Structure formats: structure tokens, C-alpha cells
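Okay, structure first, notes after.
The values are calculated or read from the model by the stated rules, or taken from the named source; none is laboratory data. All values derive from a computational prediction rather than experimental measurement. Cβ placement follows ideal geometry from the backbone for every residue including glycine, while neighbour counts extend to all protein chains displayed. Calculation scope for accessible area: heavy atoms of the full protein, side chains included, ligands and nucleic acids excluded. Shrake-Rupley method; radii C 1.70, N 1.55, O 1.52, S 1.80 Å.
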Amino acid sequence: GGHRVFHPPVFDIETVSRFNPGQSLSFARELFQTFALSYADTSLLTGYVGRDIVQLGHYHTMTRFGCALDCNDASFDGVDGILGMGMPDAAIPGIPTPLMFALSNDRGGLEGANYINERVMHARKFAFLSTAESGELQLGGYDRASTNADMVYVPTTSTTEYSVNVQSLTFGGIELLNWQDQKHPNAIPAILDTGTTCLVIPDSNLG
């Protein structure tokens, strides 16, 4: 019994060890491969594609990733990286294998077989634990001791994003989804995102 006590890690953006391609003996830049990512708030992130050994926790593998060079949004200043946990159908052409697929023993048919001298997850699962002060990424599943109940699983509605059907949304006890026909069950897809740049909800009656 009991729950694991979560102690937020000490993180200082000024002293964190940043990735420097020039200091990595295994880094290689993908020739003529660049990328540009635009977000709902009109921010634009551009850079080039590189390949190196990436490690999360105890797991590591050789994979491709984006090296950002410029962004038109000042809120990205000082950020040392963006960790994407998306799915293959949402990947950009130059980086076809999302990190969670690259770090698993089943790449889903992407980029061929696994590499030698890597340590990957047997189960392609992850979970986020978040508090008001900090957060934690759990790999290979979820830590039961960090929850007060068993995990509830629901089917997704998309192969490009983590979206589920939502019937009700409240804030401060106020229902935000107003259905014109309330005699029958209604639902709309909602995207689950740990770090979105833009929150959008319907502003009128639905259905």
C-alpha cells in the first residue's frame, strides 16, 4: 500500500548540460535534410536533421532528430530542446521514426531493424506524472505507486495524434460543451497534449 512520494528534481536551465553536435563523435548531419514546424499560435521552428545516439533513462538507440536553429517566438528562448512523443503518421518526412518507436524493440516497420549495441523498451508505453511544481516521464508503462487508482484506457480517434472522444468539459463547475440535442449521447474528439501552444474549445452550441 501507500503511494510513492514525488520529489521534484532540481532543474536549472542555465546549468543544464546541453547537446553540442560538435562534441559528439557519433553525431552525423543528414545531408540536405532540413525541417520547418509551424504551430497553431503561428510560431515557426526551423533547423536541420541529425543522427546520433539518444538516451532516455536506461534506454538508448541511434536515431534521427531535429536540431533547431531558429524560432520566431521569444517563448522558446533558453529552451534546450523539445521532446516529442508523437506517432509515425504525424512525423515529418526527414524524421520518419518518432522517438518512442526508435526506443522500442518493435519499430512498427519504420527504418528497418534495430541497431546493435542499443537498449530499448520491450513495451512501447509511456506515462507523464505532473504536479504544480514539476513532472516525470515514465517509460515502458506507468508506476502504479504514483497513482491512486488503476489506469483507465480509452481508444484513440486518430493515428496522427492522441485524441479521444469527449462528452463533457467543465471549468470551475461550468459546463463548456453545450449540445443542441441533449436527448442522445454526443461527443467530439479532443487532443491530449502535455505542452500545446494553443488551447481551442468550441464557442457555440454543438450538434
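Laid out as a table, the results:
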item	result
Rounded percent of accessible protein surface that carbon and sulfur make up, the chain, 1.4 Å probe	55 percent
Over the range 133-207, equivalent-ellipsoid semi-axes from the Cα gyration tensor in Å	28, 15, 15
Size of electric dipole in the chain: Cβ of Lys, Arg +1 and of Asp, Glu -1, about Cα centre, debye, nearest 20	680 debye
CD proxy at 222 nm, helix term only [per DSSP H run n ≥ 4: -39500 (n - 2.57); per residue of the chain; nearest 500]	-500 deg cm²/dmol
Most fluctuating residue given options 50, 86, 22, as computed from a GNM of the chain linking Cα atoms under 10 Å	22
Gain in span if fully extended, residue 40 to residue 187, counting 0.36 nm per residue against the direct Cα distance	50.6 nm
Candidates per trypsin sites (Lys or Arg not before Pro) in the range 125-207, loop by DSSP, up to 10 other Cβ within 10 Å	183
Ranked order, 73, 150 - accessible area, probe 1.4 Å, largest first	150, 73
By accessible area with a 1.4 Å probe, ligands and nucleic acids excluded, highest first: order of 133, 161	133, 161
Å² per residue, accessible surface of the range 35-185 at 1.4 Å	63 Å²
With at most 10 other Cβ atoms within 10 Å, longest stretch of the chain clear of loop chymotrypsin sites (Phe, Trp or Tyr not before Pro) (DSSP)	12-152
Residues residue 59 and residue 176, FRET efficiency given R0 of 30 Å [Cβ-Cβ distance, rounded to 0.05]	0.20
Exposure of residue 124 as accessible area (Å², to 10), given a probe of 1.4 Å and all protein chains	90 Å²
Separation in nanometres of the label points that stand 7 Å from Cα toward Cβ, at residue 25 and residue 166	4.9 nm
Student exercise, the range 27-147 dipole from Lys, Arg, Asp, Glu Cβ charges, in Debye to nearest 20	520 debye
With all protein chains modelled, accessible area of residue 58 [1.4 Å, Å²]	130 Å²
Tensor-based shape of the range 26-149 (alpha-carbon gyration tensor, a/c under 1.5 rounded, otherwise prolate or oblate)	oblate
